[in-house]
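The values are calculated or read from the model by the stated rules, or taken from the named source; none is laboratory data. Predicted model, so just to flag it, every value in this text is computed and none were measured. Cβ sites come from the backbone with ideal geometry, for glycine too, and all protein chains shown count toward neighbours. Calculation scope for accessible area: heavy atoms of the full protein, side chains included, ligands and nucleic acids excluded. Shrake-Rupley method; radii C 1.70, N 1.55, O 1.52, S 1.80 Å.
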Amino acid sequence: MRPPSPSIPEREFLFTSLKQSLRLDGRQLLEMRHPTITFGTELGWVECSLGKTRVVAAIDAKMVKPPPERPYEGTITIHSEISPMASPEYEPGRTSDEEVTITRMLDKVLRRSDAVDKESLCVLAGQRVWHLRLTVHCLADAGNMLDCACLAGIIALKHFRRPEVEVIGDEVTVHPPTERAPLPLSLHHTPLCLTFAFFPESSSKTATSTSSTKTTTVLDPSLLESQLATGFLHVALNAQRELCVVQKAGGVPLTEDEILPLIKDVAVTRVRELDRIVESRLKEDWEGRKTFVEVR
């Protein structure tokens, strides 16, 4: 059974609060929820939380034969799953629009942006390459699952270690972690995703149909904000200020002068903050693992 849509009082209360630059959870309009990152016992298993939004990402690797058109490159596949445990809105066995959006955005941010050096996944040209499978499970939906999923996905790639391989002629030997320390993936950069939600200053439905509508912008929307927003802007970039993806599918029209300040002034700063948090948590995890197992 699908949950009911937000009521008219909820809608009016949210819009009135945003006009006064107030949010229901106490954040500023362009303030993110602090991410919580938890690592599992296996390398490449990560749980990421933004407030009450929780996502788990896991990576596994296996050797496959490469396609003939790309004999020197490994392959990466991304799969996302939103179970009814995340929200009653999602039904088992039926792919939701949110799930399709998350999978496509993950593919753009992590695979098409060449975050992973695919040639480094080649073991034996034309015969053996590594195939990486990233699986993202959305456990709880409290708004903005996309950013949480992208964050969990890129952290899982940085945390994962593949077995070391020895090639002698045409013979390939895979060494288990007990014999040789596993190797990290070769990453070109670390793209991170941010989502902006837009609300018309007038709560009337007719106000959203004109191109001159003034809007209020919030970063990292909550569940209620996501349900009532009239448009979204998804931006992916790295700490070096390199823009990877900009996506806006419909919604309230925006001008260039409205979008550029959000990217240059807000997104760049927030991504650098996220990057420092990610590197700090990875360093803490490696320090704790060195006493039990050799890692590189």
With +1 on the Cβ of every Lys and Arg and -1 on the Cβ of every Asp and Glu, and nothing else charged, how large is the dipole of segment 8-294 about its Cα centre, in debye rounded to the nearest 20? 220 debye
Cysteines in the chain lacking a second Cys C-beta under 4.7 Å: 48, 122, 138, 148, 244
Alpha-carbon centroids, segment 238-254 and segment 9-39: separation in whole Å: 21 Å
Using modelled backbone amide H atoms (1.01 Å from N, in-plane), which distant-in-sequence or interchain residues come within less than 5 Å of residue 238's amide H? 192, 244
Give me the percent of the accessible area of segment 8-294 that comes from carbon and sulfur atoms, probe 1.4 Å, all protein chains in place. 50 percent
Please list the helices of the chain that count as membrane-span-like by this rule: a mean Kyte-Doolittle hydropathy of at least -0.5 together with Cα atoms stretching 18 Å or more along the helix axis, each helix being a complete DSSP H run. 145-159
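Send over the Kirkwood Rh of the chain, from the inverse of the averaged 1/r over different Cα pairs, rounded to one decimal Å.
Details: mean 1/r = 0.0482 Å⁻¹.
When all Cα pairs of the chain are included, the Kirkwood radius is 20.7 Å.
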Ordering 217, 53, 41 by accessible area with a probe of 1.4 Å, largest first, what comes out? 41, 217, 53
Lysine pairs in segment 8-294 with alpha-carbon atoms under 21 Å apart, 8 or more places apart or on different chains: how many are there? 17
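Once every DSSP H run of n ≥ 4 in the chain is given -39500 (n - 2.57) and the sum is divided by its residues, what mean residue ellipticity at 222 nm do you get, rounded to the nearest 500 deg cm²/dmol?
Details: 6 runs with 71 residues, N = 296.
Counting only the DSSP helices, I get -7500 deg cm²/dmol.
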